[in-house]
Amino acid sequence: MQTQLTTADAYNLVHDGILAFARAEQQGMRIDVDYCERKKTFLTRKIEYKVKQFYETELGRQWHQVFGPKMTLGSNDQLGHILYETRGIEPVKLTASSKKGATDEAALKQLKIPDLDILIGIRKLKKIRDTYLDAFVREQKNGILHPFFELHTVITFRSSSRRPNFQNIPKRDKESMKICRSAIYPRLGHQLMEVDFSSLEVSIAACYHKDPVMIAYLMDPDSDMHGDMAEQIFLIKGFDKKKYSEHKLLRNAAKNGFVFPQFYGDFYGNNAEGLCTWVDLPQSKWKPGMGMKLPGGIHISDHMIDNGVKSFDAFVEHLKGIQDHFWNDRFKVYGQWKEDWLEEYRNKGYFDLFTGFRCSGVMGKNEVINYPVQGAAFHCLLWSFIDLDHRMREEKWDTKLIGQIHDAVVLDVHPDELDYVSKVVKEVTCVALPKEWTWINVPLDVEADLCDVDRPWSEKKAYELN
DNA sequence: GGAACTCGCCAC
DNA sequence: AAACGTGGCGAGTTCC
C-alpha cells in the first residue's frame, strides 16, 4: 500500500523547505572575526615565504626568465607553458574543455618535480585564505554569518548554498579543516551539533533497485561491502580492517576508488588509476618492493605479483573482471534496474523521483541513473529539516537549526536541551521519516558529532545519540 | 571595466 | 561505443 507522491507533494516540500531554510539563514552562526583576520595575516606571511622560496627554485627562475615581469604565480596558463612547452614534458592529463596540459595537483604530483610541491603548498594556503576566511569576514554581519540555502538551483532537486557556501568548508585535510572551522562558533553558552545520515545515497538507491544482496548489506551491521570489495580487488584472504590499519587503508581505497565511483557510473579503467594512487603503485610493470606495505611488511607489489597480477595492465584486466562480477553477479538486480530505468526514460522522455519530482530533458546514462537517487536522498534530509524546524518552534526550543549539508543537519544546541534534542533528531530521521515515506524500504541510521560548549566547529567529536 | 569563460579545488 | 553525479567560488584570461 505504497502512496505515490505527486507534484503537489513535491511543491509542498520545496515551499516548506524554503521557509525552514529562511529561519535557519536568519538565525545564522557566530564567526570569530578577529581570529579570521589574525589567521589571514599569518597565512599571508606564510605564503610570502613560500613564494620567495619558489622564486629561488630552478622552475621559478625559468618561469621568470620566460615571462619576466608578467610572471604570475596563480596563472596555470603560464605554468602549463613552462612545463609542457618550454620544458617539453608530455602532459599526463589534459583539461576538459580546451584540452591543454592539466596543472591540477594530481597532474603536477605525477611529474615528480620537487619545486612544484612548493606551488601546491601555496595554492592550499591561498584557498584557505581567499575562499573561506575572506568570505567569512566579508559575509558576516555583526559577527554572525548567514549562509543561504537554496532549492531552485540544482538540476537534481538537491539544495545549494552560497554567501558563503556552507556546504564545502574543508573537512578531510586536517590543516585546512582546523583553520577554517575554528572560525565558526555557536551562540554563547551553546554547542554545535551535526547529525548526518549514514550512507544515505546507497540506501536510497536500494529503495529504487531493491537488490536483495545490497539490502542484506544494509540490514546486517556485521556485513561490510567495502571490506568484501577490498578482499576481491587486492586478493586478500583473512581481511580484517579492525586488526590491521593496512587493511583499513585498502578498504578505503576500495570504497573511494572503486565502489562509489562505480555507483556514479565510472568504469574500471579509471578505477585502476585511482586505486594505484591509493596504494602507491605505478602505472607500469610492477617489481618487488613497490607500493604500500601489507601486514607482515610485505610490499603490495610482491603480493599482487604472487597472485598473478604482475603489472598495471594486468590490474586493469583484473578490475574489468571485478566490474563485470559487481554488476552482473554480486549486485545483478541493481545492474538490471539500471538498464530498465534507462530504457524507461528513453521511452517516456522523463522519470519521476519517489518524492514527486519529475526530471525531463536530454540526459545521458549516468545522469538518468544518478539524479533520482541524489534528489530523493536529499529530500530525506529536507523532510527531516522541516519536521525538526516545526517541532523546534512548536515546543519553543532554545536550540536552533542553523544549516544543512545535503545529508546532514547542523544545530546550535542549548546544553540543557541536548538529550531531548538528540532523542528527537534520531526519532524524526530514523522513525518518523520512514513511517511517512513508505517507499523507504531499508533502515535509516544517523551519526552525530558534537562540540563542547563555546567551542568552534573544528573541535567536534563523535557523539552517541541514545 | 564588466561579462563570460576556463581551470582548479572545496564539499556531498 | 562509452566511460564520475551535483554544486559554489576565486584567480586568470579573453572579449567587447
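Can you confirm whether A:Lys174 is within 28 Å of A:Glu464 (Cβ to Cβ), within 11 Å of DNA strand B (Cβ to nearest atom) and surrounded by fewer than 19 Cβ atoms within 10 Å (Cβ to Cβ)? In short, yes. Any residue in the range A:398-409 that is within 16 Å of DNA strand C (Cβ to nearest atom) and charged (D, E, K, R)? Yes, because at least one residue in the range A:398-409 is within 16 Å of DNA strand C (Cβ to nearest atom) and charged (D, E, K, R). Apart from one condition, A:Lys46 fits all of (1) touching a residue at least 24 places away in the same chain (Cβ under 8 Å); (2) more than 16 Å from DNA strand B (Cβ to nearest atom); the exception is (2). Among the residues making up the range A:144-163, a single one is within 11 Å of DNA strand B (Cβ to nearest atom), without any contact (Cβ under 8 Å) to a residue 40 or more places away in the chain and either of a type in the set (Lys, Arg) or part of a loop (DSSP other than H, G, I, E, B) (or both): A:Val154.
Beta carbons closer than 6 Å, at least 6 apart along the sequence or on distinct chains, pair a first residue in the range A:60-80 that is without any contact (Cβ under 8 Å) to a residue 40 or more places away in the chain with a second that is surrounded by fewer than 17 Cβ atoms within 10 Å (Cβ to Cβ) and assigned to a helix (DSSP H, G or I) for A:Val66/A:Thr86; A:Met71/A:His64; A:Gln78/A:Phe67.
Looking only at the range A:447-466, residues that are surrounded by fewer than 18 Cβ atoms within 10 Å (Cβ to Cβ), over 16 Å from A:Asp32 (Cβ atoms) and over 20 Å from the mean Cα position of the chain (by Cα) come to 3 in all.
Within the range A:350-466, considering only helices (runs of 4 or more DSSP H) that don't extend past its boundaries, which have at least 1 residues that are within 16 Å of DNA strand B (Cβ to nearest atom) and in contact (Cβ under 8 Å) with a residue 60 or more places away in the chain? Write out each step before concluding.
On the way: elements: A:365-394, A:418-427, A:433-436.
Because the criterion is at least 1 residues that are within 16 Å of DNA strand B (Cβ to nearest atom) and in contact (Cβ under 8 Å) with a residue 60 or more places away in the chain, the helices (runs of 4 or more DSSP H) in the range A:350-466 that meet it are A:365-394.
A:Glu201 - would you say it is in a helix (DSSP H, G or I), at pLDDT 95 or above, within 16 Å of DNA strand C (Cβ to nearest atom) and of a type outside the set (Phe, Trp, Tyr)? Answer is yes for this residue.
The values are calculated or read from the model by the stated rules, or taken from the named source; none is laboratory data. What you see is a predicted model; the values in this text were computed from it and never measured. For neighbour counting, all protein chains shown are included, and Cβ atoms are generated from backbone atoms with ideal geometry for every residue, glycine included.
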